[in-house]
Amino acid sequence: MNNSPNFPLRVVDGLTLPADYRKALRPGEEWKDANGFPRQLPRYFYEVPSWDSAMKVELATHFLLWEFIQVDVREAPPLRTFPRYVPCAITLLAVCLERFREAVGTLVHISANGGYRSPSHRFSKNATPHAWGTAANIYRIGDTYLDNRSAIERFSLIARETLPGIWTRPYGTPTGYAEDHLHLDLGYVLSVPRDVKS
Amino acid sequence: MTEKEAPVKDATESAPREGALQKEIERIEKESGAKSIAVALKDFETGLELHYNSDRWFHAASTIKVPILLGVFAAIDRGDLLPHSRVHVRNRFLSVVEGIPFRVESGRDANSAVHNAIGKMMRVDELAYHMITTSSNLATNLLLAVIGPDSVNKTLAELKLEDGIDLKRGVEDELAFDKRINNMVTADGLLKILVMLAEGKAFSPALSRRMMDILHGQEFNQGIPARLPKAARVAHKTGEISTVAHDAGVVYLPKRKPYVLVVLSEWDPDVSGRSRTIATISHTIYEALTQRPMDE
């Protein structure tokens, strides 16, 4: 369903998935964000058949698919095993992170639970762009751990200067802030591949 | 050890030895400079039990990790977790006081294995191993964040182990410490857990064995094992903060059934000799139970 060379993943309509997946992914449903605004969840997903394929598929020159789908025991059980499903907008995030990597000139590490996680993940209390596949939590850039104000604000500024429209979470401890990672996201982007029936 | 193997003894048979041990521990306590010492003992070989000050509550320090280990394996037993389930390693926790975030200082863990995995994931069984064997505070709080203190307390209640264990929070929650919201234990409380583990009755013999295997990996051996014969194998957990020093474990010796020993102690912060005192009590009990000095 796509014509990119070297991109073997099949696009699936979340509404056609088995019931346990639909319950966990909630394709196309509305979900309120922290301010009470309804957001529409992704309906179309790339199907990732195995960890092996996740380790091979390049979403960008320096980012492989596996880096975006590391989730722990807090993820809904059906979504911890393969096949896994990741929103199609994940490719947009990967391109942004590639551009960010160029700007910082070194490795950018996405944390566990810090790429795509489903609306059923125990961290997902309100609508979060993580469930759209458009957010990344970065805990380390090169040898620098982003666990202090100086590092977080420095790289946050680079991200905002490099990626038009990107949103970064401010440094701090209250809800909505971050103090042990850099959170950046593209917002609630829905990606609908052109050859699916919407 | 199974229930069938447990010796049935006349309670009066061990009374003189118990009395002598009580006196000896009293003497050690007086000479040690400790503010308070508690000892609980159950010997599967002779049936002897000793309860010295054993219902007194102490700050649990890292001995609280034994009930947490039990809570983790309860989640495994229920199927909520698998030993190889993965947990995101993140050094950010919420205090029980107003939910204020705090971090675990890396210097307080005996090795850097868990801290080095920040941002990545570790398996539940790896974290449990580090929580016990090197007393990793980061591993402890990560596991407790996954299962929840309520779940541990529910497990303790279901196993009728709640008397003598009061789990309120994770470790290194300094705000809670300042407000005296602490995890507390009694020697009897820890004894009951270790007896259950040694008897293979915690969830299943297989899961009990796995917990005992982890406790056997303990790397801090200055307490109960320090003055035991080389052939002794001790599955145990230590705990130490500025004002307490504890050790709780199961002692396996050749050609006899094991015994469970818990030594809790409270100290003024500037008084030394804590591990030595625990080792002395352990040695005294060893000699009393085996009725031979160690060099025989």
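Rule-based calculations on the coordinates, nothing more; no lab input. This structure is a prediction, so every number in the text was calculated from the model and none was measured. Glycine also receives a Cβ, built like all others from the backbone with ideal geometry; neighbour counts cover every protein chain displayed.
A few remarks follow.
- The string of couplings for the range B:228-240 from the Karplus curve (6.51, -1.76, 1.60, θ = phi - 60°) is 9, x, 4, 6, 5, 10, 10, 9, 8, 9, 9, x, 8 Hz, one whole number per residue in order, with x for Gly and Pro.
- Modelled this way, with points 7 Å down the Cα-to-C-beta line, the labels at A:THR175 and A:LEU64 are 3.8 nm from one another.
- With the simple spin-label model, which puts each label point 7 Å out from Cα in the Cβ direction, the B:HIS216 to B:ARG103 separation comes to 3.8 nm.
- Pairs spanning more than 23 Å between alpha-carbon atoms, out of B:LYS30/B:LYS255; B:LYS160/B:LYS201; B:LYS65/B:LYS160; B:LYS168/B:LYS257: B:LYS30/B:LYS255; B:LYS168/B:LYS257.
- Peptides A:31-39, B:199-207, B:231-239, B:187-195, ordered by how many other C-beta atoms sit within 10 Å of their residues on average, highest first, read B:187-195, B:231-239, B:199-207, A:31-39.
- The protection proxy used here, the mean number of other Cβ atoms lying within 10 Å of each residue, ranks peptides B:148-157, B:246-255 as follows, highest first: B:246-255, B:148-157.
- Placed amide H near A:TYR171: partners under 5 Å, 5+ positions off or other chain: A:ALA178
- Residue by residue along B:120-127, Cβ atoms of other protein chains within 10 Å of the local Cβ number 2 on average.
- 3J(HN,Hα) couplings calculated from phi for the range B:163-172 with the Karplus curve 6.51 cos²θ - 1.76 cosθ + 1.60 (θ = phi - 60°) are, in sequence order, 6, x, 10, 10, 8, 10, 6, x, 9, 6 Hz; Gly and Pro show x.
- Global form of the range B:159-254, assessed from the alpha-carbon gyration tensor, a/c cut-off 1.5: oblate
- Within the range A:23-42, backbone nitrogen closer than 17 Å to the virtual label 7 Å beyond the Cα of A:ASP13 toward Cβ: A:23, A:26-29, A:41-42
- Normalised contact order of the range A:94-138, rounded percent, pairs of Cα under 8 Å and 6 or more residues apart: 39 percent
- Considering only alpha-carbon pairs that sit under 8 angstrom and 6 or more positions apart, the relative contact order computed for the range A:68-159 is 33 percent.
- Segment B:ASN111-B:HIS84, extension gain: residue separation times 0.36 nm, minus the distance between their alpha carbons: 7.6 nm
- Across peptide B:146-153, the mean count of Cβ atoms from other chains lying within 10 Å of each residue's own Cβ comes to 1.
- Averaged over peptide A:70-77, the number of partner chain Cβ atoms lying within 10 Å of each residue's Cβ comes to 5.
- Residue ranges A:9-21, B:125-137, A:151-163 sort as B:125-137, A:151-163, A:9-21 when ordered by packing (mean number of other C-beta atoms within 10 Å per residue, highest first).
- FRET E, pair B:VAL96, A:ASN126, Förster distance 22 Å, beta-carbon r, rounded to 0.05: 0.40
- Cα gyration tensor shape for the range B:114-184, rounded if a/c is under 1.5, else prolate or oblate: oblate
- Overall form of the range B:205-279 per C-alpha gyration tensor (a/c, 1.5; a/b vs b/c): prolate
- Inter-site label distance for A:VAL95 and B:GLU26 at 7 Å from Cα along Cβ, in nm: 8.3 nm
- Lysines whose Cα lies under 24 Å from that of A:LYS23, excluding same-chain neighbours fewer than 8 positions away: A:LYS32, A:LYS125, A:LYS197
- In chain B, Cα pairs under 8 Å separated by at least six residues give a relative contact order of 25 percent.
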